[in-house]
Amino acid sequence: MTFVADTHAIVWHLMDERRLGKAARRAFRSADQGRALCYVPAIALIEVALLYEKGRLRTGPAQVAETLSAHEGYAILALDLEQALAFASLPTIRDPMDRLILAAARATSSRLLSADEALEGHGVERVWN
């Protein structure tokens with residue numbers, strides 16, 4: 001089973017797990033134990049960097065990547081052609097960061113770990129509650 005984590009989902013998983021929905025918590029637990037693969041799109045690390053720069057996070061992208069690398073169930077997903085094409089097919093998603101994360105889920109045929117109901121559908125199963 002594969003998942004793509006939205007930025008808030010991976011941040012909450014690492015820093016405040018109580019904010020996660022039950023199904024999202026189970027998915028992350030599976031990745032933590034190496035029973036599932038959770039992709040973290042590179043764009044999520046860029047969002048972490050922006051939040052860190054604004055003082056909204058105390059952890060930067062290098063620390064997030066280092067923490068995730070300690071678990072075999074996580075992989076940083078670089079932007080590629082498949083994701084770019086999936087991005088182009090999602091013009092109704094206004095936020096470009098959300099659009100890239102959704103494109104990553106579509107391109108990898110993965111479920112999406114996100115609380116954002118606006119990302120429901122679009123050919124991707126959203127996992128949260």
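Relative contact order, percent, of region 2-118 when contacts are C-alpha pairs under 8 Å separated by at least 6 residues?
Worked out over region 2-118, it gives 36 percent.
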Quiz item: How large is the dipole of the chain about the Cα centre if only Lys and Arg carry +1 and Asp and Glu carry -1, each at its Cβ, rounded to the nearest 20 debye?
Solution: 380
Quiz prompt | Selected from Asn129, Pro61, Ile10, residue furthest toward positive end of dipole (the chain; charges at beta carbon) | solution = Asn129
Practice problem: Stick to the Cα atoms of region 2-118, pair each with every other, and give me the Kirkwood hydrodynamic radius in Å at one decimal. | Solution: 14.2
Self-check item: Computed E for Arg29/Glu53 - FRET, C-beta separation, R0 35 angstrom, nearest 0.05
Solution: 0.70
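Any read-out appearing in this document is the output of simple, stated calculations on the displayed coordinates, not a laboratory observation. Small disclaimer: the values here were computed from a predicted structure and weren't measured. As a convention, Cβ positions derive from the backbone with ideal geometry for all residues, glycine included, and neighbour counts pool all protein chains shown.
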